[in-house]
Ligand code: XUL
Ligand code: CO
């Protein structure tokens, strides 16, 4: 492999700290809308949005896809891959590559001015599949990350364990037919949960990467979901044992990599959490493109989670209208994100959660500063969405009309139906004595125009 030690000590030397220059600037390496200290309602933009950079797409991945090799300029990638059994986890090259990757990541995040990052164990340290060696390498890299966090002021939004890349997890981790695989996955999560706690992480994420099935012909669905619940109870128990006060999050996704993932969408996750008595302990990390893949709008997934008290955090990205797989683009649609932000603001914000850019550069985007442009675009999109959503809610343009639409339920009839004082025969009797009710317009097009107006005017 090329020697990662020979690379520049400053990886992004050609880019300075990204300034906020306002909407009129033509400077491309600047924020036009995201202004960390600007107050919107009762909080600053930074406090509302709680942006995080993800370690995996931005630093671990090198643009490799199933049709071709990596294209991105990631000189450490050869020595520090997500899974490479030929690596020696503690070899100087493997660790040097991981350190170089970490230095580049912290340089990038500090220059971008985000408050948070997120990581998987395998992004941070060399990963060979040998449990003891990998755990040692991870512990070293986590300690080093802690020092970098102290130096830069960066914080950890969440940590997570990769339970899907190693071939051992080909039939799932917690839902594996072999309890030995469950046990190995548990060891990995125990380490990463403790590492997340050591770094004062604000959440811990469990994405069920291969917790699903390819065919029901060989699958005991009942047993597998019981196993998944047992796994989550173990995590919750350990969280309390070690005094971790962050939130445990699961991340809905309907399919990919498996044909059917058990954490299909917000509603499926909610039913699962209720069935297994986990609903007070675990919330959701909702990813925009996972919502699209499940056949939902992003704002539906947020609204459903919020309505059931399980809105946790957001993986902010975008899909593609024509592609049915997880393309993980950076957010580009102010309209889509405004609709999502309306639900987030209605819910009172994200609590310990934030907006994590689980998004990747396109394979041909190979210039070093492309990573800055991608994040600047995502952050400006979310900032505009925040301004527009805040303006919509502050004006009352939607909520006043919505309250009016349901006004009948605040009257005698509505109250008596809901409190049970009118049964079916009583309602039948009443029908004979009153005039036919007149339908009213749903006003959808007018409401869409109102939202469009707020987006146009939000400055
Ligand atoms: C995969 C995905 C993951 C999780 C963390 O689709 O979204 O990156 O966010 O494991
Ligand atoms: Co995600």
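The table below lists the values:
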quantity	calculated
Boolean, residue 342 is away from ligand 1 (no atom under 16 Å from the Cβ), over 17 Å from the mean Cα position of the chain (by Cα) and buried (at least 18 other Cβ atoms within 10 Å of the Cβ)	yes
Segments classed as helices (runs of 4 or more DSSP H), wholly inside the stretch 250-336, with at least 2 members that are within 11 Å of ligand 1 (Cβ to nearest atom)	288-293
Pairs where the first residue, in the stretch 190-210, is closer than 17 Å to residue 142 by Cα and in a loop (DSSP other than H, G, I, E, B) and the second is modelled with pLDDT of 95 or more and within 11 Å of ligand 1 (Cβ to nearest atom), C-beta under 6 Å, 6+ apart	201/158; 201/159
Residues of the stretch 36-61 that turn out to be in a loop (DSSP other than H, G, I, E, B) and surrounded by fewer than 18 Cβ atoms within 10 Å (Cβ to Cβ), as a count	5
Which listed residue is at pLDDT 95 or above and over 19 Å from residue 244 (Cβ atoms), from 143, 178	178
Number of positions in the stretch 107-138 that are outside any helix (DSSP H, G or I) and within 18 Å of the chain's Cα centre (by Cα)	7
Residues of the stretch 105-125 satisfying the condition of being over 23 Å from residue 203 (Cα atoms) and surrounded by 24 or more Cβ atoms within 10 Å (Cβ to Cβ)	none
Residue check, residue 28 modelled with pLDDT of 95 or more, under 30 Å from residue 342 (Cβ atoms) and away from ligand 1 (no atom under 16 Å from the Cβ)	yes
Matching residues, the stretch 150-179, being more than 16 Å from ligand 1 (Cβ to nearest atom), over 24 Å from residue 128 (Cβ atoms) and either in contact with a strand residue (DSSP E or B) (Cβ under 7 Å, 6 or more places away or on another chain) or not in a loop (DSSP other than H, G, I, E, B) (or both)	150, 151, 152, 154, 155
Selection count where residues are within 16 Å of ligand 1 (Cβ to nearest atom), touching a helix residue (DSSP H, G or I) at 6+ places or on another chain (Cβ under 8 Å) and farther than 15 Å from residue 178 by Cβ, scope the stretch 204-241	5
Flag for residue 252 being under 18 Å from the mean Cα position of the chain (by Cα) and buried (at least 18 other Cβ atoms within 10 Å of the Cβ)	yes
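The values are calculated or read from the model by the stated rules, or taken from the named source; none is laboratory data. Values in this document were obtained by computation on a predicted structure and should not be read as measured data. Every residue, glycine as well, gets a Cβ built from its backbone with ideal geometry; the counts of neighbours run over all protein chains shown.
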